[in-house]
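Notes for the one structure printed next.
The values are calculated or read from the model by the stated rules, or taken from the named source; none is laboratory data. These figures come from a predicted structure and were not determined experimentally. All Cβ positions, glycine included, derive from the backbone under ideal geometry; neighbour counts span all protein chains shown. Just so you know, the surface numbers come from the protein's heavy atoms only, side chains and all, with ligands and any DNA or RNA stripped out. Shrake-Rupley method; radii C 1.70, N 1.55, O 1.52, S 1.80 Å.
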Amino acid sequence: MRRAPFSDNPRVGARGQRTQQRILDAALQVFGEQGYHQSGIAHITSVAGCSRASFYQYFASKEDVFRHLTGQVARQLGASTEALGPVTADADGWRAVRVWVGRYADTYERYEPVFDAFPAAAESDDAVAPGAARVAERNVARFRAKLATTDLPARSLDPVVGLLLACVTRVLETARILRSAAPDAYPADRVEDALTGVAHRTLFGLRAGVNDHPPAGPRPPALAFGRAMRDAVERTDGAPERTAAGRRTLTALEEAGRDVFVARGYHGTRIDDVVAAAGVSHGAFYRYFTGKDHLAYVLAVRAIRHVSSALTDIPETAGNVPDRAALRRWLRRYNATQATEAAMIRVWADAAHQDAALRRDSAAALDWGRREMARVLRPRGFGDADIDAVIMLALLSVFGTHPRPPVTTDAAVHVIERGLLGR
């Protein structure tokens with residue numbers, strides 16, 4: 001349907017549908033190139049080869065276009081889950097999940113800009129997050145209906161399935177970032193096989209010859225930080241002693257910078273906005289930072305360090321297998337740490353989609369966490385620990401995005417114990 005009052009005949013014919021889809025395709029391209037905040041109707045119509053009047057026949061705003069794109073994603077993911085075969089404990093069940101994971105990955109690849117822009121859109125458009133939550137609930141119900149059997153208690157099943165489904169997108173995103181720095185180390189088939197194995201073990205436990213596939217390639221290389229990130233670390237570590245007034249100014253700039261970055265995104269933030277929010281001069285800003293990118297690096301380094309400290313605190317017992325109570329306590333501590341830092345890390349990750357240098361450093365940071373998780377998983381003695389470590393890192397990232405209730409903490413414990421450690 002066309003939007004009133006742009007046409008006496010609101011029903012769209014075949015030609016109008018092609019125009020509408022051309023605008024959606026153009027918007028997908030623009031969101032991918034410029035990010036959510038920087039994208040505008042003028043650029044979308046230019047890429048689509050249509051006038052603003054044609055745009056407004058079908059869409060009310062940039063936000064409206066994005067909602068239509070998320071609707072397309074939701075319909076494709078819903079149809080894919082409806083097509084999921086019976087999820088059983090045997091090899092046929094593993095293959096059914098593997099086909100579903102492959103379809104999900106195809107949708108992710110087709111609509112990658114939508115997945116990338118979603119956090120920024122959800123922060124500025126009140127309609128996006130609730131709609132996504134409803135879609136997630138429906139997909140959990142669809143997936144649960146395909147389960148032939150499971151020994152999970154009914155009250156635990158939905159939280160576990162919900163966490164697994166939320167983890168799929170983050171795994172694909174994490175693997176893509178790592179692949180950008182090490183193209184041959186994270187092939188799609190290897191990542192998707194590992195993801196299927198973790199999901200199947202979570203639901204049915206470790207089953208020899210079914211969900212314990214060995215590594216399909218060599219151990220991925222360690223990734224090093226670039227010069228810009230090393231400079232930011234050195235500036236943070238080697239900061240000279242400051243007066244009380246200097247410390248107050250620096251604290252004001254860092255707090256204001258964090259608030260502005262989170263509210264406006266990396267590309268939408270200006271130094272003018274930061275100094276105005278901090279109540280200091282431009283001269284004071286340049287006394288501590290060389291530019292916006294330096295401030296972003298320093299804030300990202302601090303956030304990553306806090307999260308990294310929580311990661312290395314994972315409990316260990318004999319055989320490197322955490323006790324359930326200790327694991328639950330650690331997850332609560334990790335959630336408290338990650339939830340406070342997630343917003344700034346997200347800003348940095350969003351900026352990395354359009355900035356090659358940031359993307360390299362983002363890959364190095366993720367690889368550091370991946371290697372820490374591989375250290376925990378390798379003693380278990382089965383499966384592809386190096387790629388399963390990517391999944392564990394993604395799971396923790398999803399779990400830590402905001403404060404979680406006990407039922408979700410228990411679900412995360414279950415995924416780690418059965419899906420990742422094979423207990």
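Considering only residues in region 73-95 that are in a helix (DSSP H, G or I) and β-branched (Val, Ile, Thr), the one that is nearest to Ala199 (Cα to Cα) turns out to be Thr81. Pairs meeting the criteria (first residue in region 214-228 and outside any loop (DSSP other than H, G, I, E, B), second residue of a type outside the set (A, V, I, L, M, F, W, C), beta carbons under 7 Å, at least 6 apart or on different chains) are Ala228/Tyr297; Ala228/Asp361. Residue pairs whose Cβ atoms lie under 6 Å apart, separated by 6 or more positions or on different chains, with the first residue in region 281-305 and touching a residue at least 24 places away in the same chain (Cβ under 8 Å) and the second open to solvent by less than 80 Å² (accessible area, probe 1.4 Å) and among the basic types (Lys, Arg), are Leu299/Arg258.
Reported count of residues in region 283-301, each being among the charged types (D, E, K, R) and surrounded by fewer than 16 Cβ atoms within 10 Å (Cβ to Cβ), is 1. Within the option set Arg138, Arg98, being in a helix (DSSP H, G or I), open to solvent by 60 Å² or more (accessible area, probe 1.4 Å) and out of contact with any Cys (no Cβ under 8 Å at 6 or more places or on another chain) holds for one residue only, Arg138. None of Ala216, Ala208, Ala166, Ala154 is open to solvent by 40 Å² or more (accessible area, probe 1.4 Å), within 13 Å of Ile387 (Cα to Cα) and of a type in the set (A, V, I, L, M, F, W, C) except Ala216. Can you pull out the residues in region 40-65 that are in contact with a Ser or Thr (Cβ under 7 Å, 6 or more places away or on another chain) and part of a helix (DSSP H, G or I)? Across region 40-65, the qualifying residues are Thr45, Arg52, Ser54, Phe55, Gln57, Lys62. Would you be able to say whether some residue in region 106-121 is among the hydroxyl-bearing types (Ser, Thr, Tyr), modelled with pLDDT under 95 and part of a helix (DSSP H, G or I)? Scanning region 106-121 turns up no residue that is among the hydroxyl-bearing types (Ser, Thr, Tyr), modelled with pLDDT under 95 and part of a helix (DSSP H, G or I).
Only a single item in (1) in a helix (DSSP H, G or I); (2) open to solvent by 10 Å² or more (accessible area, probe 1.4 Å); (3) in contact with a Phe, Trp or Tyr (Cβ under 7 Å, 6 or more places away or on another chain) is not met by Ala412, and it is number (2). Evaluation of His37 against the conditions (1) farther than 23 Å from Ile177 by Cβ; (2) open to solvent by 20 Å² or more (accessible area, probe 1.4 Å); (3) not in a loop (DSSP other than H, G, I, E, B) shows that the sole unmet condition is (1).
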